[in-house]
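**Student:** Right, I'll just put the structure down here and ask away after.
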Amino acid sequence: MIKIENVSKSYIKGKKSIDNLNLEIKDGEIFGFLGPNGAGKTTTIKMITGILNTDEGDIFIDGKSIIKQPLEAKREFGFVPDSPDMFLKLKGIEYLNFLADIYEISNEKRKERIESLTKKFEIYDNLNNEMQSYSHGMRQKIIICGALLNNPRNWILDEPMTGLDPKSSHDLKEMMKEHSRNGNTVFFSTHVLEVAEKLCDRVGIINKGKLVFVGTYEEMKEKFKENKSLEELFLEITENEQ
Amino acid sequence: MNNKVISLTRVIFKNSFQNMETAKSKTENKNKRKIGMIVLYSLIFIYLAVIIGVFSNGLIKELIEINQEQMFLGLILITIAGFVLIQSIFSAINILYYSKDNEYILPLPIKPSEIVAAKTNVLLITEYFIITIIGLIPLAIYGILTSANIFYYISMLIVLIVFPIIPVLLSSLLILIIMSFAKFTKNRNRFQLIATILVFIVVFALSFTTSNTKTTPEELVKMVTEANGLVEILKGTFPTLGMALNGLTNQSVINQILNLSLLVITTLIVYVIYIVIGQKLYLKGAVGNLYSGKRTSKKIDETKMYKKSSLSKTYIGKEFKTLLKNPIFFMQCVLPAILFPILIIGLAFAGIKGEQNGAPIDFANMITDKSSIYIGMGILCAIQFFLMFIYISATAISRDGQTAMFMKYIPVPLMKQIDYKVIPNIIMTTFMSILTIIMVEYLLKLPIMYLVLITIAGIIMGVFQSYISIIVDLKRPKLEWNSEYAVVKQNMNLIWPVILGILNITLIVILTLVCRSFINSYIFIMFITVMYLLLIFIVRNYIKNNVNKFFEKIY
């Protein structure tokens, strides 16, 4: 479970990039975080993961405060950042072993996890190559494998479908569904509204740092009394807020 | 030079330097910060200028006393040639072949010669920054102390602008030739590393053989007794050095103009040859995916594949892999630790050993004498001097670039990660200190106990330098870069290890002068060791107490 309480953040004095954000993503839920470019999605994700400090408020991962108990909170999630260009001089296997050591994963467990994840994403045969030689999609896949290696209860994914081929994208969506079915949490940002519409239990729409809608697609249609697609409703909500 | 070259030069240059100050400054008042940076760098410049100025002033006055002041001009020009030559070996390969802008430039309708010209311009402009400090200031002081006329100053500017061009072109030319064979190699990273070391050895060997010109004792006596005769020794050491020196010192103005014209024409001819060769060779090395590492379907050894390691081992291992697998980082951060002690001490003592017919100079009996404190001071200053060029700590955060935020979302305390990032620097400085001591022992015969103590002092100084250097990077990390070259070369942060190094050397010298009359060399070394241990404790605590604040700007 991820709980965001009264969180605000300013980069420039007097201008809030995130304004009093309150949000709770429950266990067993896939939550899609939507918003136009520069709305505050990545800033929110960076605050959830402890990369950015909040100016006000607190964030809890499975009840552990990212501010007061950062190390405990960080053990509770797996994170996929928006850019997969990380540690490119390392081989795929070196990167995964590095993460496995950080999360103190045993030899047997890491063998099982690395094999199952990398075979699922079809990068097992490339594990002995430097990540520099990987395509954008392959880098995205290895970063996802790394984030899921310690089987965290909470997945936090920033634009995870970017660069994935159709099969990998499909597999990841299936994994997200399975993870939530097991009572875990998936929080991800996306620009692909079709994905959010089909995959998410609930969506949150952020615009200019303010959460302008939280709920299911059905609730959104209900609220606006219109039988439109998510894309049309999204544009309507974000344009009305301009 | 056509508009395309000028425009390309401007773009490449601005792109390299655009993020000179810090990662992101959304939260800060940019104008205030900009003014602060200008003031800071001006102060640094003044500080270095004063040190070089004081040194030059002393040396010129000494040389005037013995009627050999022109020797100073020769020494400065040879320093510029050597410095530019060696610097541009490292820089040329990176700017010409390994900068990410190649991905955008190569598809544009620009001739290879124009790309080579623009990139060489950038290389040269970067060198001019340093030449301002090591060339302009000493030569201007020379002018003042010798009451030179206005023509000297005009010649000085021409020489400072034109003279460094050939060393840059020579290094770049060697790189162009060697890199044209790059297509025959599978592992370009390794090739780049070998190519650079090869060029380095060739240049070093050439300069060593040319500087080893034999002078008979009779000739030497004549040179010393004749006013400004000694400078003749230097004229043959670099092709255009004679022209530049005559352009600055010749008694008749006509002769000076003639020599300067010769310098300009020679440089122009070399430039044209360089551009013609660049047109032919550049694309052979540049085309192809320079960034792709080796990609094979090599199966992995499953027995070794899933081996659990301790966090410290895996983290430090990751740091070393990044340093060793990246030729630019390896050459700039690791290689100096190995090369500098061997080259500099080796060269400095080669002459002395020659005088002693190859036998080590016996200092064993002198070491207990109070005046022997200077031997300790000399060795510690030498170690401190080499420490200034090991940039592993000073670039520890910047090397990660945008990946640096990884440190913030993994469940490992930040201070622990800083310790892990500092350890490779400590390992290399320890290696360097031991190597320096071995070199010194080979050349001077010192007692074992003394060697042990001084080795410990050197290692402790290395630990101190490692921690203090990472503060520089933590305070102003350079996280947005488009080539590794920007981290180690176009990074103003790296002036700080030099400044701190000079301060440390000054401190050691002052302490020696204060302590020389009442303690011997052994106690002095132990005192220095304890002092640096204390400083390490203070600096590490400072980092620990401010670690979260330091990381606020990394996101």
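Please treat every number below as a calculation from the coordinates, not as lab data. Small disclaimer: the values here were computed from a predicted structure and weren't measured. Using ideal geometry, Cβ is built from the backbone for each residue, glycine included, and neighbour counts are taken over all protein chains shown.
**Student:** Exposure proxy check: B:Met37, A:Met47 ranked by fewest other beta carbons within 10 Å?
**Tutor:** Numbers: B:Met37 15, A:Met47 26.
If I rank by nearby Cβ atoms, fewest first, I get B:Met37, A:Met47.
**Student:** How many percent of the alpha carbon pairs in region B:111-170 exceed a separation of 13 Å? Walk me through the intermediate numbers first.
**Tutor:** Working: 1166 of 1770 pairs.
When every Cα pair of region B:111-170 is considered, 66 percent fall beyond 13 Å.
**Student:** Please report, to two decimal places, log10 I(q)/I(0) for chain A at q = 0.08, 0.12, 0.15 Å⁻¹ as given by the Debye formula with identical point scatterers on the Cα atoms and no solvent.
**Tutor:** Treating every Cα as an identical point scatterer, log10 I(q)/I(0) equals -0.31, -0.69, -1.06.
**Student:** Where the eigenvalues come from the Cα gyration tensor of region A:100-151, what are the semi-axes √(5λ) of the equivalent ellipsoid, largest first, in whole Å?
**Tutor:** Details: eigenvalues 73, 24, 20 Å².
Calculated on Cα positions only, the semi-axes equal 19, 11, 10 Å.
**Student:** Percent of Cα-Cα pairs more than 17 Å apart in region A:174-240, please.
**Tutor:** Working: 940 of 2211 pairs.
Roughly 43 percent, once rounded to a whole number.
**Student:** A follow-up question, please. Place the peptides B:462-468, A:74-80 in order of packing, highest mean first, counting for every residue the other Cβ atoms within 10 Å and averaging per peptide. Provide the component values of the computation, followed by the final result.
**Tutor:** On the way: B:462-468: 24.7, A:74-80: 22.3.
Packing order, densest peptide first, comes out as B:462-468, A:74-80.
**Student:** Another one. Over the whole of A:126-136, what's the average partner chain Cβ count within 10 Å per residue? Rounded to a whole number, please. Before the final figure, lay out the partial values.
**Tutor:** Numbers: counts 5, 4, 9, 8, 7, 1, 8, 7, 3, 0, 0.
If you average over the peptide's residues, the count of other-chain Cβ atoms is 5.
**Student:** For B:Lys421, go through the aspartates and glutamates and keep the ones whose alpha-carbon is under 14 Å away, minus same-chain ones fewer than eight residues off.
**Tutor:** Straight-line reach from B:Lys421, under 14 Å: B:Glu319, B:Asp400, B:Asp473.
**Student:** Now for a separate question. Dipole magnitude of the protein assembly as shown about its Cα centre, charges +1 at Lys/Arg Cβ and -1 at Asp/Glu Cβ only, in debye to the nearest 20? Don't jump to the answer; show the numbers that get you there.
**Tutor:** Numbers: 84 positive and 66 negative charges, 112 e Å.
For this selection, approximately 540 debye.
**Student:** On to the next question. For the protein assembly as shown, what mean projected area does the convex hull of the alpha carbons give, in nm²?
**Tutor:** Working: hull surface 156.0 nm².
In nm², the orientation-averaged hull projection of the protein assembly as shown is 39.0.
**Student:** OK, next. How about A:Lys13: which aspartates and glutamates have a C-alpha closer than 13 Å to its C-alpha, ignoring those fewer than 8 places off in the same chain?
**Tutor:** A:Asp55, B:Glu28
**Student:** Highest mean first, what order results for B:270-282, B:537-549 on Cβ atoms within 10 Å?
**Tutor:** Numbers: B:270-282: 17.2, B:537-549: 13.7.
Ranking, from highest mean packing down: B:270-282, B:537-549.
**Student:** Pick out, in residue order, every one of the GluC sites (Glu not before Pro) in region B:462-555 that is DSSP loop and has at most 12 other C-beta atoms within 10 Å; say none if there are none. Don't skip to the end; give the middle numbers.
**Tutor:** Details: sites: B:Glu480, B:Glu484, B:Glu552; in loops: B:Glu480, B:Glu552.
Passing sites in region B:462-555 are B:Glu552.
**Student:** Quick one: Kirkwood hydrodynamic radius for region A:1-61, alpha-carbon pairs, angstrom, one decimal? Don't skip to the answer; put the middle values down first.
**Tutor:** Working: mean 1/r = 0.0836 Å⁻¹.
12.0 Å is the Kirkwood radius here.
**Student:** Just name one of A:Tyr134, A:Ile206, B:Leu494: the one whose Cα is farthest towards the positive end of the charge dipole of the protein assembly as shown (beta-carbon charges, Lys/Arg +1, Asp/Glu -1).
**Tutor:** A:Tyr134
**Student:** Might you report the magnitude of the Cβ-based charge dipole of region B:311-551 about its Cα centre, with Lys and Arg at +1 and Asp and Glu at -1, to the nearest 20 debye?
**Tutor:** Values: 19 positive and 10 negative charges, 157 e Å.
That gives region B:311-551 a dipole magnitude of about 760 debye.
**Student:** Need the C-alpha centroid separation for region A:47-72 versus region A:214-235, integer Å.
**Tutor:** Centre-to-centre (Cα) distance: 31 Å.
**Student:** What ranking of B:Ser521, B:Ser309, A:Ser180 emerges when the number of other C-beta atoms within 10 Å of each C-beta is taken as an exposure proxy, fewest first?
**Tutor:** By the 10 Å Cβ count, ascending, the order reads B:Ser309, A:Ser180, B:Ser521.
**Student:** Please average, across the residues of B:312-319, the number of beta carbons from any other chain that are within 10 Å of each residue's own beta carbon, and give a whole number. Can you show the working numbers first?
**Tutor:** Numbers: counts 1, 1, 7, 3, 0, 5, 9, 0.
Across the residues of B:312-319, the mean count of other-chain Cβ atoms within 10 Å is 3.
**Student:** Charges on Cβ only, +1 for Lys and Arg, -1 for Asp and Glu, centred on the Cα centroid of region B:311-551; of B:Phe464, B:Ile523, B:Ser433, which one is farthest towards the dipole's positive end?
**Tutor:** Farthest towards the positive end: B:Phe464.
**Student:** Could you tally the net charge around B:Leu145, taking each other residue with its Cβ under 13 Å from the Cβ of B:Leu145, Lys/Arg +1 and Asp/Glu -1?
**Tutor:** Working: positive: B:Lys61; negative: B:Glu62, B:Glu65, B:Glu69.
Local net charge: -2.
**Student:** If you don't mind, another one. Could you tell me what a quarter of the Cα convex hull surface of region B:311-551 works out to, in nm² with one decimal place? Present the calculation step by step, with values, prior to reporting the outcome.
**Tutor:** Details: hull surface 54.5 nm².
Value for region B:311-551: 13.6 nm².
**Student:** Listed highest first by mean packing, meaning other Cβ atoms within 10 Å per residue, what order do B:65-71, B:47-53, A:30-36, B:172-178 come in? Each step should come with its number before you reach the end.
**Tutor:** Numbers: B:65-71: 16.9, B:47-53: 15.3, A:30-36: 23.4, B:172-178: 21.7.
My ranking of the peptides, most packed first, is A:30-36, B:172-178, B:65-71, B:47-53.
**Student:** Given 20 °C and 1.002 mPa s, how large is the Stokes-Einstein diffusion coefficient of region B:368-468 in µm²/s, with Rh as the Kirkwood radius over Cα pairs?
**Tutor:** Numbers: Rh = 15.1 Å.
Answer, rounded: 142 µm²/s.
**Student:** Separate question: In deg cm²/dmol and to the nearest 500, what is the mean residue ellipticity at 222 nm of the protein assembly as shown if only DSSP H runs of at least 4 residues count, each as -39500 (n - 2.57), divided by the residue total? Intermediate results must be reported in sequence, preceding the final value.
**Tutor:** Working: 33 runs with 482 residues, N = 797.
Value at 222 nm, helices only, nearest 500: -19500 deg cm²/dmol.
**Student:** Here is a follow-up. To the nearest whole number, what is the average tally of beta carbon atoms from other chains within 10 Å of the beta carbons of peptide A:89-102? Display every interim value, and only then the final one.
**Tutor:** On the way: counts 11, 5, 6, 1, 5, 5, 1, 2, 9, 8, 3, 5, 11, 8.
Mean partner-chain Cβ count within 10 Å for A:89-102: 6.
**Student:** Follow-up question, since we're still on this one. Find how many whole Å separate the alpha carbon centroid of region A:119-163 from the alpha carbon centroid of region A:2-35.
**Tutor:** After rounding, the separation between the Cα centres reads 26 Å.
**Student:** Sort largest first and round to whole Å: the equivalent ellipsoid semi-axes of region B:416-555, each the square root of five times a Cα gyration tensor eigenvalue. It would help to have the intermediate numbers written out before the result.
**Tutor:** Numbers: eigenvalues 201, 60, 39 Å².
Listed largest to smallest, the semi-axes of region B:416-555 are 32, 17, 14 Å.
**Student:** Answer with one residue from B:Leu444, B:Tyr374, B:Ala394: the one whose Cα lies farthest towards the positive end of the charge dipole of region B:373-495, charges on Cβ with Lys, Arg +1 and Asp, Glu -1.
**Tutor:** B:Ala394
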